[in-house]
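One structure is given below, encoded as C-alpha coordinates.
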Amino acid sequence: MFYDNFVRLCNERGVSPSSVAIKVGVDKSAATRWSRGAEPRYATLMRLADYFGVSMDELSGDAETKPISERSTATPDDEGLAAALEALRNQPGRRALLSATKGMTEAQVLRMADWLADITGGDKD
(Lines give C-alpha, C1' and ligand atoms only; values in the text may rest on other atoms or scores of the structure.)
Protein backbone atom coordinates (compact mmCIF):
# COMPACT_ATOMS: atom_id res chain seq x y z
CA MET A 1 0.00 0.00 0.00
CA PHE A 2 2.88 2.41 0.78
CA TYR A 3 4.32 2.19 -2.72
CA ASP A 4 0.93 2.73 -4.39
CA ASN A 5 0.43 5.89 -2.34
CA PHE A 6 4.00 6.99 -2.98
CA VAL A 7 3.61 6.63 -6.76
CA ARG A 8 0.21 8.36 -6.70
CA LEU A 9 1.70 11.32 -4.84
CA CYS A 10 4.65 11.44 -7.26
CA ASN A 11 2.25 11.45 -10.21
CA GLU A 12 0.14 14.21 -8.65
CA ARG A 13 3.28 16.34 -8.36
CA GLY A 14 4.74 15.33 -11.72
CA VAL A 15 7.96 13.96 -10.24
CA SER A 16 9.63 10.58 -10.55
CA PRO A 17 9.90 8.25 -7.55
CA SER A 18 13.69 8.13 -7.84
CA SER A 19 13.97 11.93 -7.87
CA VAL A 20 11.85 12.15 -4.72
CA ALA A 21 14.04 9.54 -3.04
CA ILE A 22 17.10 11.68 -3.77
CA LYS A 23 15.34 14.86 -2.57
CA VAL A 24 14.58 13.27 0.82
CA GLY A 25 18.13 12.03 1.23
CA VAL A 26 18.16 8.37 0.20
CA ASP A 27 19.67 6.63 -2.80
CA LYS A 28 17.46 6.59 -5.88
CA SER A 29 17.59 2.78 -5.84
CA ALA A 30 15.45 2.94 -2.67
CA ALA A 31 12.44 3.64 -4.91
CA THR A 32 13.11 0.39 -6.75
CA ARG A 33 13.30 -1.53 -3.47
CA TRP A 34 10.04 0.07 -2.37
CA SER A 35 8.41 -1.01 -5.65
CA ARG A 36 9.39 -4.58 -4.76
CA GLY A 37 7.72 -4.43 -1.36
CA ALA A 38 10.39 -3.00 0.95
CA GLU A 39 9.18 -0.38 3.39
CA PRO A 40 11.16 2.79 4.10
CA ARG A 41 12.60 3.42 7.53
CA TYR A 42 10.60 5.56 9.92
CA ALA A 43 12.85 8.60 9.42
CA THR A 44 12.57 8.29 5.64
CA LEU A 45 8.81 7.84 5.82
CA MET A 46 8.64 11.02 7.90
CA ARG A 47 10.71 12.96 5.36
CA LEU A 48 8.56 11.62 2.49
CA ALA A 49 5.35 12.60 4.29
CA ASP A 50 6.77 16.08 4.89
CA TYR A 51 7.84 16.35 1.24
CA PHE A 52 4.34 15.51 0.01
CA GLY A 53 2.52 17.37 2.78
CA VAL A 54 0.60 14.33 3.97
CA SER A 55 0.46 12.40 7.21
CA MET A 56 2.65 9.36 7.66
CA ASP A 57 -0.52 7.30 8.01
CA GLU A 58 -1.78 8.50 4.65
CA LEU A 59 1.53 7.76 2.99
CA SER A 60 1.85 4.31 4.54
CA GLY A 61 -1.73 3.41 3.68
CA ASP A 62 -3.10 3.51 7.23
CA ALA A 63 -5.45 6.42 6.51
CA GLU A 64 -7.91 7.56 3.88
CA THR A 65 -6.29 9.46 1.02
CA LYS A 66 -7.73 12.48 -0.72
CA PRO A 67 -6.88 14.06 -4.06
CA ILE A 68 -4.79 17.23 -3.79
CA SER A 69 -7.81 19.33 -4.77
CA GLU A 70 -9.68 18.12 -1.65
CA ARG A 71 -6.86 18.62 0.84
CA SER A 72 -6.67 21.56 3.18
CA THR A 73 -4.98 24.78 2.16
CA ALA A 74 -2.26 24.25 4.73
CA THR A 75 1.24 24.11 3.37
CA PRO A 76 3.10 20.79 3.26
CA ASP A 77 5.28 21.95 6.15
CA ASP A 78 2.18 22.79 8.22
CA GLU A 79 0.60 19.38 7.62
CA GLY A 80 3.84 17.51 8.34
CA LEU A 81 4.35 19.51 11.51
CA ALA A 82 0.76 18.92 12.62
CA ALA A 83 1.16 15.16 12.16
CA ALA A 84 4.45 15.18 14.07
CA LEU A 85 2.96 17.22 16.91
CA GLU A 86 -0.02 14.87 17.14
CA ALA A 87 2.35 11.90 17.43
CA LEU A 88 4.30 13.69 20.17
CA ARG A 89 1.12 14.59 22.02
CA ASN A 90 -0.04 10.98 22.13
CA GLN A 91 3.26 9.18 22.68
CA PRO A 92 5.39 10.23 25.66
CA GLY A 93 8.20 7.92 24.57
CA ARG A 94 8.57 9.84 21.32
CA ARG A 95 8.65 13.10 23.29
CA ALA A 96 11.53 11.70 25.35
CA LEU A 97 13.42 10.70 22.20
CA LEU A 98 12.90 14.15 20.69
CA SER A 99 14.09 15.80 23.87
CA ALA A 100 17.23 13.65 23.76
CA THR A 101 18.10 15.09 20.34
CA LYS A 102 18.45 18.67 21.58
CA GLY A 103 21.81 20.02 20.54
CA MET A 104 22.35 17.33 17.88
CA THR A 105 22.96 18.20 14.25
CA GLU A 106 20.49 17.04 11.59
CA ALA A 107 23.03 14.47 10.42
CA GLN A 108 23.35 13.11 13.97
CA VAL A 109 19.56 12.89 14.31
CA LEU A 110 19.28 10.99 11.02
CA ARG A 111 22.08 8.62 12.07
CA MET A 112 20.23 8.02 15.32
CA ALA A 113 17.00 7.31 13.42
CA ASP A 114 18.85 4.81 11.23
CA TRP A 115 20.39 3.18 14.31
CA LEU A 116 16.95 2.86 15.90
CA ALA A 117 15.62 1.27 12.72
CA ASP A 118 18.51 -1.20 12.81
CA ILE A 119 17.93 -2.27 16.41
CA THR A 120 14.17 -2.59 15.88
CA GLY A 121 14.56 -4.64 12.73
CA GLY A 122 13.51 -1.90 10.30
CA ASP A 123 14.22 -2.41 6.61
CA LYS A 124 17.06 -0.53 4.98
CA ASP A 125 16.11 2.18 2.49
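The values are calculated or read from the model by the stated rules, or taken from the named source; none is laboratory data. Since the model is a prediction, treat every value here as computed from it, not as a measurement. Note that each Cβ is placed from the backbone with ideal geometry, even for glycine, and that neighbours are counted across all protein chains shown.
Residues checked against (1) under 15 Å from the mean Cα position of the chain (by Cα); (2) loosely packed, with under 14 Cβ neighbours inside 10 Å; (3) at pLDDT below 70; (4) not aliphatic (A, V, I, L, M):
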residue: Y3; (1), (2), (3), (4): yes, no, no, yes
residue: E12; (1), (2), (3), (4): no, yes, no, yes
residue: A31; (1), (2), (3), (4): yes, no, no, no
residue: A38; (1), (2), (3), (4): yes, no, no, no
residue: A49; (1), (2), (3), (4): yes, no, no, no
residue: D57; (1), (2), (3), (4): yes, no, no, yes
residue: K66; (1), (2), (3), (4): no, yes, yes, yes
residue: E70; (1), (2), (3), (4): no, yes, yes, yes
residue: A87; (1), (2), (3), (4): yes, no, no, no
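Where helices (runs of 4 or more DSSP H) fall entirely within region 1-54, those with at least 2 residues that are farther than 24 Å from L98 by Cα are at 2-13, 17-23, 29-35.
Here region 14-29 is the region considered, the condition is being small (G, A, S) and farther than 15 Å from A49 by Cβ, and the residue that is surrounded by the most Cβ atoms within 10 Å (Cβ to Cβ) is S18.
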